[in-house]
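J.: Below is a structure I'd like to ask you about.
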Amino acid sequence: MMNTRTYRYTDMMLEHASVGMAVYDARDLRLLEANTLFMTILNTFLDSHWQCERVIGHPLTSWATHIDFYALSVVEIFCTVAETGVPYRGAELVVTTGKRGTTYWNWSVSPVRDEDGRVTHLVQTLNDVTEQVLARRKAEQAQNALSRTHSAVEAERRRLEVVETVARSVREYLDTEHIGNIALDAIAEHFQADGSCLHIADHAQQVLRLVCARQQEGGDPDGWKSMEYIPFERTIAGKQTCRQREPIVLEDLQVAAEMGLFNKKNPLVTVGVRGYVCVPLWFGDRFEGTLCANFTRPICPDGPEVKALVGSGTHLAAALAHARLHSSTAREQTRLLSILDQLPEGILIADISNSTITYANQAAASILGLSLDELLSTPLHRHPWSHAYTGQSIDGKPILPWNFAVIRALGGETIKSKETLVIKPCGTKIVTLTSSAPLYANNGAMTGAMIVFQDVTAQKSLEQHKNDFLSIANHELRTPITIIQGFAEILQLKATQDQPLDSLTQYALTSITEQSQHLTHLIEEMLDISRIEQAQLVLRRTPCDLLSILARVIDSQSITTRQHQLHLALDGLQTTDTLIAYADEERMVQVFNNLISNAIKYSPAGGEIEIGLRHIPERATEVLIWVKDHGIGIAANEISNIFKRFHRASNLDRSLSGFGIGLYLVKEVVIRHGGRVWVESQEGQGSTFYVILPLNV
Ligand code: ADP
């Protein structure tokens, strides 16, 4: 038995305990005693009828039903503890009342036994843990928020890791397959993708070609076979991606298939894929390929794996585009080089940094008589043969050594069709027709020079032979013709002095004179051509009256024809005027003769021929001369050619004799006088030839 002193202390302790406590009779669950805290707590929940001490002495079953949380199960718990003697520790009790709102309570029921071990009393504790619970809840919420932030940061870190890995590999490598493999490895490692693949777009074939693929261990190794070529117009990857820029994200393929939104027989569905992403790779306006990955878990459209794939996609698109451009440039370069290799002209490319030839085609090597190795290894100015060029000349004129053409191009000069000299190692000299020019990079910096040359030794010697022949022919033909002409004239003179000749003999004599004059004229023209080609056509220019020259030529040409009426038309001048030009009179006669005789010749039906001359104050320093006929005219497509030597229009009746030399000489003579010549004509209507000559006033 407790003594009074101890009992008082116990009473005090019960009264001041921070836990509500109550003692019940174990037999009928009567509330025997409770401390003030318990009563206060109970009061919060009891209605006015059971207020305060009214519950003391009453069994739990009578008043507990008036308290929400003291449901029947609570009474059962009390009974069980009373029967079994096993204490009960109540789970956190949530109580919601109008007065205090939601509160949390820890409670327990413990048995008190007598000396025989029988349960006589039950002690109930009731402890308000609302504050602790709320504090714990808050702490848990904070913890959750923290771990959410942490996993978001972690996902972001993994995303950045993948994108950075891909970006780095794009900077370091050019090989698309290698870059693709690095990208797929990074995606597999950081996002546990079940499978991933990179396709490149082949626009010519309209297919996506597989570059590389990854699969989780244990996957079907042949699974990618069907993905090697995907026509643009087939499957999700092909059909949509070549048109859209947004990634295709299927959050859960299995669900989509169940809902009938996706074909259940699709291989992705049958192998159990859930999340699927396909990122179209676009570089500028060009669709370059696709990057796809699948997962055995559902994914979110803005999930980190989707973001990582999209981020990597930008770099991969650039890599695919660069690889494409690089390979097409390489292809183009190979094509170009194989064309250059085949060209009959020699081609060399020299680098400005060391003046060394970096490219030479076979033709260049054989023209120069060197091997490709010899050509490509030595700087231009150190070539062992270069000393041989000093003081070289051809036909008495100094000639440029071929390597100087390159050196001058490296100095920024462009040389067009210039004769250059090549001395082969065996000592043979050849002449090449050479063009060279500097080469520039896109930024305008000079990178080197190129030279194109062809061996013209054969043409040169052919030309030489032709010229030799012409001068021999001229000399050898002229003498007999002069003799024939002389004798024909003697015979004619004799005929007029002695007895007249019969008409046939007279006709024969006249023909001999005319034809030999024609021959002399032709020989003269041929000679003029060779003079022009050898730059030996010398003008003997003196002040001469163009008007009187023209009048004389018209008079002499008029005698040759009866069908044509030649007349002089003057503009800004009188017949009595003089028009002085500083010109070669003989050559002027040749020009006018050629134009007027052509007008006569190419108007076989006869007609009027106007020879005009205009000298007006507005253009006082020049004179315009024209010869206008109404003959056969010249077809438009022939006009640009008729001033070329030996060219005759194709519409000509071949009975109209000629060599196609006259107009060429006219042009050369007029140009050498500082003038210009051209024609206006319509086929079948006639032609007008114009000449402008400077007057040097
Ligand atoms: P040729 O008269 O000896 O053929 P030319 O050099 O004088 O040579 O003329 C070249 C070509 O120009 C002629 O063959 C002819 O086709 C054309 N041609 C020249 N003059 C005339 C003209 N007045 N009318 C039509 N065609 C002309």
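The values are calculated or read from the model by the stated rules, or taken from the named source; none is laboratory data. Keep in mind that this is a model prediction, so the values were computed, not measured. Note: ideal-geometry Cβ built from the backbone for every residue, glycine included; neighbour counts use all protein chains shown. With ligands, DNA and RNA removed, areas are computed over all heavy atoms of the protein, side chains included. Shrake-Rupley method; radii C 1.70, N 1.55, O 1.52, S 1.80 Å.
J.: Among what's in segment 120-152 and is under 30 Å from GLU33 (Cβ atoms) and part of a helix (DSSP H, G or I), pick the residue that is most open to solvent (accessible area, probe 1.4 Å).
T.: Among residues in segment 120-152 that are under 30 Å from GLU33 (Cβ atoms) and part of a helix (DSSP H, G or I), the one most open to solvent (accessible area, probe 1.4 Å) is GLU131.
Table: residues versus (1) open to solvent by less than 60 Å² (accessible area, probe 1.4 Å); (2) more than 7 Å from the ligand (Cβ to nearest atom); (3) of a type outside the set (Val, Ile, Thr).
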{"site": "SER597", "(1), (2), (3)": "yes, yes, yes"}
{"site": "ILE639", "(1), (2), (3)": "yes, yes, no"}
{"site": "ALA649", "(1), (2), (3)": "yes, no, yes"}
{"site": "LEU652", "(1), (2), (3)": "yes, no, yes"}
{"site": "GLY658", "(1), (2), (3)": "yes, no, yes"}
{"site": "GLY675", "(1), (2), (3)": "yes, yes, yes"}
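J.: Also: Would you confirm whether any residue within segment 675-691 is touching a residue at least 60 places away in the same chain (Cβ under 8 Å) and basic (Lys, Arg)?
T.: There is no residue in segment 675-691 that is touching a residue at least 60 places away in the same chain (Cβ under 8 Å) and basic (Lys, Arg).
J.: Going by the structure shown, is LEU477 open to solvent by 50 Å² or more (accessible area, probe 1.4 Å), aliphatic (A, V, I, L, M), in a helix (DSSP H, G or I) and under 30 Å from GLN342 (Cβ atoms)?
T.: No: the conditions fail for LEU477.
J.: Report, by residue number, each residue of segment 682-697 that is open to solvent by less than 30 Å² (accessible area, probe 1.4 Å), within 13 Å of the ligand (Cβ to nearest atom) and out of contact with any helix residue (DSSP H, G or I) (no Cβ under 7 Å at 6 or more places or on another chain).
T.: Correct list: GLY686, SER687, THR688.
J.: OK, next. The conditions are (1) assigned to a strand (DSSP E or B); (2) exposed (fewer than 11 other Cβ atoms within 10 Å of the Cβ); (3) not hydroxyl-bearing (Ser, Thr, Tyr), and LEU493 fails exactly one of them. Which is it?
T.: So the condition that LEU493 fails would be (1).
J.: Related question: For segment 155-162, state whether one or more residues are assigned to a helix (DSSP H, G or I), charged (D, E, K, R), over 17 Å from CYS278 (Cα atoms) and touching a residue at least 60 places away in the same chain (Cβ under 8 Å).
T.: yes
J.: If ILE554 passes every condition in (1) over 14 Å from GLU586 (Cα atoms); (2) out of contact with any strand residue (DSSP E or B) (no Cβ under 6 Å at 6 or more places or on another chain); (3) open to solvent by less than 60 Å² (accessible area, probe 1.4 Å) but one, which one does it miss?
T.: For ILE554, the exception is condition (2).
J.: Sticking with this one: Pairs needed: first member in segment 643-671, in contact (Cβ under 8 Å) with a residue 40 or more places away in the chain; second member anywhere, of a type in the set (Asp, Glu) and open to solvent by 50 Å² or more (accessible area, probe 1.4 Å); C-beta distance under 9 Å; at least 6 residues apart or different chains.
T.: Going by the 9 Å Cβ cut-off, there are no qualifying pairs.
J.: Separate question: Pairs under 8 Å by beta carbon, first residue more than 17 Å from ALA535 (Cβ to Cβ) in segment 451-480, partner open to solvent by 90 Å² or more (accessible area, probe 1.4 Å) and modelled with pLDDT of 80 or more, six or more apart or different chains?
T.: Short answer, once both residue conditions are applied: GLN454/PRO344.
J.: Hey, does segment 29-41 have a residue that's exposed (fewer than 13 other Cβ atoms within 10 Å of the Cβ), within 20 Å of ASP128 (Cβ to Cβ) and at pLDDT below 80?
T.: No, every residue in segment 29-41 fails to be exposed (fewer than 13 other Cβ atoms within 10 Å of the Cβ), within 20 Å of ASP128 (Cβ to Cβ) and at pLDDT below 80.
J.: Can you tell me which condition ILE430 does not meet? The list is (1) hydrophobic (A, V, I, L, M, F, W, C); (2) modelled with pLDDT under 85; (3) in contact with a Lys or Arg (Cβ under 9 Å, 6 or more places away or on another chain), and all the others hold.
T.: All conditions pass for ILE430, except number (2).
J.: Here are the criteria: (1) over 17 Å from GLY675 (Cβ atoms); (2) within 16 Å of the ligand (Cβ to nearest atom); (3) among the β-branched types (Val, Ile, Thr). Tell me which single one THR576 does not satisfy.
T.: (2)
J.: Scan segment 660-673 for residues that are more than 8 Å from the ligand (Cβ to nearest atom) and surrounded by 15 or more Cβ atoms within 10 Å (Cβ to Cβ) and report the count.
T.: The number of residues fulfilling the criteria is 6.
J.: Further question on the same structure: Being more than 29 Å from the chain's Cα centre (by Cα) and not in a loop (DSSP other than H, G, I, E, B) is the filter here; which residues of segment 308-346 pass it?
T.: Scanning segment 308-346 gives a single hit, GLY346.
J.: For segment 613-637, how many residues meet the condition of being more than 6 Å from the ligand (Cβ to nearest atom), open to solvent by 20 Å² or more (accessible area, probe 1.4 Å) and over 25 Å from ARG540 (Cα atoms)?
T.: Number of matching residues: 8.
J.: Also: Would you check if there is a residue in segment 585-593 being open to solvent by 60 Å² or more (accessible area, probe 1.4 Å), modelled with pLDDT of 95 or more, within 21 Å of GLU533 (Cβ to Cβ) and more than 13 Å from the ligand (Cβ to nearest atom)?
T.: No.
J.: Only residues that are crowded, with 16+ Cβ neighbours inside 10 Å and assigned to a helix (DSSP H, G or I): list them for segment 501-512, please.
T.: Those that are crowded, with 16+ Cβ neighbours inside 10 Å and assigned to a helix (DSSP H, G or I): LEU509, ILE512.
J.: Further question on the same structure: So, of the residues in segment 367-383 that are loosely packed, with under 15 Cβ neighbours inside 10 Å and among the small types (Gly, Ala, Ser), which turns out to be nearest to LYS424 (Cα to Cα)?
T.: Here the answer is SER371.
J.: Continuing with the same structure: Checking VAL679 against (1) more than 7 Å from the ligand (Cβ to nearest atom); (2) open to solvent by 40 Å² or more (accessible area, probe 1.4 Å), which test does it fail?
T.: Of everything listed in (1) more than 7 Å from the ligand (Cβ to nearest atom); (2) open to solvent by 40 Å² or more (accessible area, probe 1.4 Å), VAL679 misses just condition (2).
The rows are residues; the columns are (1) in contact (Cβ under 8 Å) with a residue 40 or more places away in the chain; (2) touching a Gly at 6+ places or on another chain (Cβ under 6 Å); (3) surrounded by 12 or more Cβ atoms within 10 Å (Cβ to Cβ).
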| site | (1), (2), (3) |
| --- | --- |
| ALA308 | yes, no, yes |
| SER312 | yes, no, yes |
| ALA318 | yes, no, yes |
| HIS322 | yes, no, yes |
| HIS326 | yes, no, yes |
| THR329 | no, no, no |
| GLU332 | no, no, no |
| LEU337 | no, no, yes |
| ASP341 | no, no, yes |
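J.: Which number in (1) touching a residue at least 24 places away in the same chain (Cβ under 8 Å); (2) away from the ligand (no atom under 16 Å from the Cβ); (3) open to solvent by 60 Å² or more (accessible area, probe 1.4 Å) marks the one condition that LEU537 misses?
T.: (3)
Rundown of residues vs (1) of a type in the set (Gly, Ala, Ser); (2) within 24 Å of LYS429 (Cα to Cα); (3) in contact with a strand residue (DSSP E or B) (Cβ under 9 Å, 6 or more places away or on another chain); (4) modelled with pLDDT of 80 or more, yes/no style:
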{"position": "ILE451", "(1), (2), (3), (4)": "no, yes, yes, yes"}
{"position": "GLN454", "(1), (2), (3), (4)": "no, yes, yes, yes"}
{"position": "GLU463", "(1), (2), (3), (4)": "no, yes, no, no"}
{"position": "ASN467", "(1), (2), (3), (4)": "no, yes, no, no"}
{"position": "SER471", "(1), (2), (3), (4)": "yes, no, no, no"}
{"position": "LEU477", "(1), (2), (3), (4)": "no, no, no, yes"}
{"position": "THR482", "(1), (2), (3), (4)": "no, no, no, yes"}
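J.: Additional query: Test LEU174 against the stated conditions and say whether it is open to solvent by 30 Å² or more (accessible area, probe 1.4 Å) and in a helix (DSSP H, G or I).
T.: Taking the combined requirement at face value, the residue does not satisfy it.
J.: So which residues in segment 439-456 are surrounded by fewer than 16 Cβ atoms within 10 Å (Cβ to Cβ), outside any strand (DSSP E or B) and at negative phi?
T.: ALA441, ASN442, ASN443, ALA445
J.: Against the conditions (1) more than 10 Å from the ligand (Cβ to nearest atom); (2) over 22 Å from HIS564 (Cβ atoms); (3) open to solvent by less than 40 Å² (accessible area, probe 1.4 Å), where does PHE643 fall short? Just the number, please.
T.: Of everything listed in (1) more than 10 Å from the ligand (Cβ to nearest atom); (2) over 22 Å from HIS564 (Cβ atoms); (3) open to solvent by less than 40 Å² (accessible area, probe 1.4 Å), PHE643 misses just condition (1).
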